[in-house]
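The values are calculated or read from the model by the stated rules, or taken from the named source; none is laboratory data. Owing to the predicted nature of the structure, the values given are computational and were not obtained by experimental measurement. Cβ placement follows ideal geometry from the backbone for every residue including glycine, while neighbour counts extend to all protein chains displayed. Remember, those area values only see protein heavy atoms, side chains included, never the ligands or the DNA or RNA. Shrake-Rupley method; radii C 1.70, N 1.55, O 1.52, S 1.80 Å.
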Amino acid sequence: MVEMQGIEDFWHWWQQEGATLLANAIHSGDFADLPEQMAHLVNAINKDLQWELGPGRDAQHSLCVTANGDPALRPLTERWLRAAPAPDATWEYRAARQADPNVLNQQLDFADWELDLEQTRLSLTVDEQSLLVDVTVHHPQFPNMPEDAALQIAFLTLTWLLGEDDLERWIGEVNTAAEQPADALPADALPETVHAMAARHPEPSWVVMEGEGQDGARLTAIAMRPMRWIDHPLLDLHAGITLRYPTQDPRDLPTSAGLTDLQDLEDDLMRQLDGAALLVAHETGRGNRTLHLYCDSTDTAALATITAWVHGQSTATLDTQSDPAWDQVGHLR
């Protein structure tokens, strides 16, 4: 793959000379043509990736290659990170923008506006079922600017408060408000709220859902909660396996014996995959059970295992497609 070759070429250059050149440039303040060289190497992986430098946590400097919030590109930055050399005293590496603990002490210059970010206020609505926080962002400058500019600033501020991945992980709907909401809180309340929610839900659980289709058929589903692609950024290929069950009760659901057979099939598949794919949900009804699995699209062995297993079942069919944002299971979240 061109992208994987680009990753290999980047790290070869980095280890040969790039890390030393960039560290020296930061120290001297003379970057010469290094930014252009870095951009060329990063764009060789994918033209829509971005890179930036920052202070490290356990090293002097950090290098981040970011997908800039695009789920389709986040697997690439994760592969870039996993191919990186071990961090050392000088450099550490990030596949997404990190939170900036000093963001509220800074001033943001955006187009024709200057914003003191400490004046940002947030209205937070916590949904314990979806494990998401809806946020309304207010700043005294918002009434003076177009709505799209205010929204861009809102997303920038939330990204700096939480980091790129936690923004995807925990934030639901984002809106802006020209007037300060009655329940507005200081902006640093958001990291506190998110960290408390994470502490309350350290591990995913499973939920059972029941309903009826438009044709009146009884449908059931079991799904992981929360079901978040950002927790598994390399699992970008959806494998939908549909199993036909011949024995049905009056509601077109499996009989007790049929349920046992379906569970045995599922267990056999997951045993053969041995952790190479993640089962996030299954749906049952109208004589079919569909298993929703995700695997790494570069893991040819995992896909071969799934394909061979499906071909070995007379009642199974397989549909695969690229789905880094897990849209195929969006209705089950």
Notebook entry, point to check: Restricting to strands (runs of 3 or more DSSP E) lying wholly in the range 238-328: which have 1 or more residues that are under 30 Å from PRO71 (Cβ atoms) and among the acidic types (Asp, Glu)?
Noted result: 277-285, 316-322
Item checked: Residue identified as in a loop (DSSP other than H, G, I, E, B) and crowded, with 20+ Cβ neighbours inside 10 Å among ALA86, ALA96 -> ALA96
Note to self: Kindly evaluate LEU235 against the criterion of being in a loop (DSSP other than H, G, I, E, B) and under 30 Å from ILE171 (Cα atoms).
What the structure shows: yes
Checklist line | All positions within the range 136-157 that are farther than 27 Å from ILE230 by Cα, of a type in the set (S, T, N, Q) and surrounded by fewer than 16 Cβ atoms within 10 Å (Cβ to Cβ) | finding: ASN144
Check: Which condition number does VAL133 fail, the rest of (1) in contact (Cβ under 8 Å) with a residue 40 or more places away in the chain; (2) open to solvent by 20 Å² or more (accessible area, probe 1.4 Å); (3) within 26 Å of the chain's Cα centre (by Cα) being met?
Finding: (2)
Next item on the list: Scan TRP91, TRP80 and give me the residue that is within 15 Å of GLY6 (Cα to Cα), over 12 Å from the mean Cα position of the chain (by Cα) and open to solvent by less than 30 Å² (accessible area, probe 1.4 Å).
Entry: TRP80
Margin query: Looking at TRP229, TRP309, TRP326, can you tell me which residue is aromatic (Phe, Trp, Tyr), in contact with a helix residue (DSSP H, G or I) (Cβ under 6 Å, 6 or more places away or on another chain) and closer than 19 Å to SER205 by Cα?
Written below: TRP326
Next item on the list: Given the conditions (1) open to solvent by 80 Å² or more (accessible area, probe 1.4 Å); (2) among the aliphatic types (A, V, I, L, M); (3) touching an Asp or Glu at 6+ places or on another chain (Cβ under 7 Å), report the number of the one that ALA111 does not fulfil.
Entry: (3)
Note to self: Looking at (1) open to solvent by less than 50 Å² (accessible area, probe 1.4 Å); (2) in contact with a Ser or Thr (Cβ under 9 Å, 6 or more places away or on another chain), which one does THR125 not meet, given that it meets all the others?
What the structure shows: (1)
Check: Within the group ARG225, ARG200, which residue is open to solvent by less than 70 Å² (accessible area, probe 1.4 Å), over 26 Å from ILE153 (Cα atoms) and basic (Lys, Arg)?
Finding: ARG225
Check: Regarding ASP70, is this residue in a loop (DSSP other than H, G, I, E, B), over 15 Å from GLY163 (Cβ atoms) and open to solvent by 70 Å² or more (accessible area, probe 1.4 Å)?
Finding: no
